[in-house]
1. Suppose we filter segment 238-265 for residues that are within 16 Å of Ser286 (Cα to Cα) and among the basic types (Lys, Arg); how many remain?
2. Just the residues that are modelled with pLDDT under 95 and of a type in the set (Asp, Glu), please, taken from segment 373-409.
3. Quick one: which of Ala367, Ala357 is touching a Leu at 6+ places or on another chain (Cβ under 7 Å) and in contact (Cβ under 8 Å) with a residue 40 or more places away in the chain?
4. Hey, among the residues in segment 336-359 that are of a type in the set (D, E, K, R) and in a loop (DSSP other than H, G, I, E, B), which one's surrounded by the fewest Cβ atoms within 10 Å (Cβ to Cβ)?
5. Before we move on, is Thr374 of a type in the set (Val, Ile, Thr) and under 30 Å from Asp75 (Cβ atoms)?
6. Go through the residues of segment 108-129 one by one and say whether even a single one is at positive phi, at pLDDT 95 or above and of a type outside the set (Lys, Arg).
7. Considering only segment 141-257, give the helices (runs of 4 or more DSSP H) lying wholly within it that have at least 1 residues that are touching a Cys at 6+ places or on another chain (Cβ under 9 Å) and surrounded by 19 or more Cβ atoms within 10 Å (Cβ to Cβ).
8. Do you know which of the residues in segment 372-389 that are outside any loop (DSSP other than H, G, I, E, B) and touching a helix residue (DSSP H, G or I) at 6+ places or on another chain (Cβ under 6 Å) is surrounded by the fewest Cβ atoms within 10 Å (Cβ to Cβ)?
Amino acid sequence: MSGLPLQDVRILAVEQYGAGPFGSVHLADLGAEVIKVEDPRFGGDVGRQTPPYAEGGDSLFFEAFNRNKRSVLLDLTNPQGREVFERLVAVSDAVYSNLRGDVPEKMRIRYDDLKHLNPRIVCCSLSGYGMTGPRSEQPGYDYMLQGLAGWMSVTGEPDGPPTKSGLSMVDYSGGLVAALSMLSAIHGARRDGVGCDCDVSLYDTAIGMLTYLATWHLNREFEPKRTHHSAHPSLVPFQNFPTADSWIVIGCAKQKFWEKFVEAIGSPAWAAESRFATPAERYENSAECVRLIERELAGRSTADWLTALEAAGVPCAPINTVPEALREEHTAARGMVVRTEHPRFGQVEQVASPVRAGEPRAEHDRAPQLGEHTSSTLDDLIGVDAAEFRRLAAGGAFGAEGDAPWTSS
């Protein structure tokens, strides 16, 4: 497809499961040529086997993270597989991986290992804990990071247990940080002619996203805690509220929204009291302010309150289920569901990338089957003809016979 902003970028992605592929799928949507280098010894990306909707080396989990990519089978522990990989490095912009922090060195996929092949190559590693530090050799997963970085301590009800986010937000945030780091390094390499390593970690991402809570603690010893009904730590009211039939979230981030809010709920007498007059006063008297608001909101349905509050210009939203969110009119209007055709699953619907740079991609390709583009990619990029392909296959470059299927398409 012509006209996409990253169509001149080529990335070799030694990636697997969620965090790494989530970062690169946005780049693929923007036109980057993302070539998944999959290990035939293990059936490729482990995401291909993720239940509950997995069969025959494909899964709907894998589809969600790998549209618009190509799949090449290579055994990087095999001398001939390594040779092919290095030839691909010579004609690529980046090598992108999400492996344990000490693995890129062992696999020889850092900048110092590859710069003799291509001095402009960017080597971006997204790992749990980074390449340095006391945890660098530990495997890191979203669940662990949400606990270790303090996220669980501020999620859930005050009298409840520490709670993980319902989404893998460290993984997804880490993928986006890796994509931003890699694109920045590619830009620098094209300008200066010299690539580099990008040592990105889920740990750094999770700690970095503590933002103002960290600043408050580091400078004033503020102790972040779980809040009632997911309340904002300083803005009142800004939280979830029960209504007569469900839940609604209301956020008065500015004084003008408070004034519109109390008018929309009928301006009860307590709303005019000096203890609730300013953001600072409401913060000091938050428990009582919230109690009084909850009493007001409990008398009408969520739909009624949304009509009144939206008309008044108060920031608010229903607390949807995932199916309800996907059915939202605004979801369709923003083009946030895309469709591909898959030989096993038929028409696959999935959410689009939110990244925008000009007109979004109009058509999408399904995620690749295992090794689907091995032959065609090697022919297109490094001139591997049919005879050489057969020689490399016989030598184990694409895995031992029976390891995993690969095609010559």
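1. Number satisfying all stated conditions: 1.
2. Glu401, Asp403
3. Checking each option against the conditions leaves just Ala357.
4. It comes out as Glu359.
5. Numbers: of a type in the set (Val, Ile, Thr): yes; under 30 Å from Asp75 (Cβ atoms): yes.
Spelling it out, Thr374 is indeed of a type in the set (Val, Ile, Thr) and under 30 Å from Asp75 (Cβ atoms).
6. No: segment 108-129 contains no residue that is at positive phi, at pLDDT 95 or above and of a type outside the set (Lys, Arg).
7. Details: elements: 142-148, 169-192, 202-208, 211-220.
Per the criteria, 169-192.
8. Looking only at segment 372-389, we keep the residues that are outside any loop (DSSP other than H, G, I, E, B), and these are 374-382, 386-389.
The next check asks that each one be touching a helix residue (DSSP H, G or I) at 6+ places or on another chain (Cβ under 6 Å); those that pass are 375, 382, 389.
Numbers: Ser375: 23, Ile382: 14, Phe389: 18.
My answer is Ile382.
The values are calculated or read from the model by the stated rules, or taken from the named source; none is laboratory data. Everything quoted here is computed from the prediction, not taken from an experiment. Quick reminder, even Gly has a Cβ in these numbers, built from the backbone with ideal geometry, and neighbours come from all protein chains shown.
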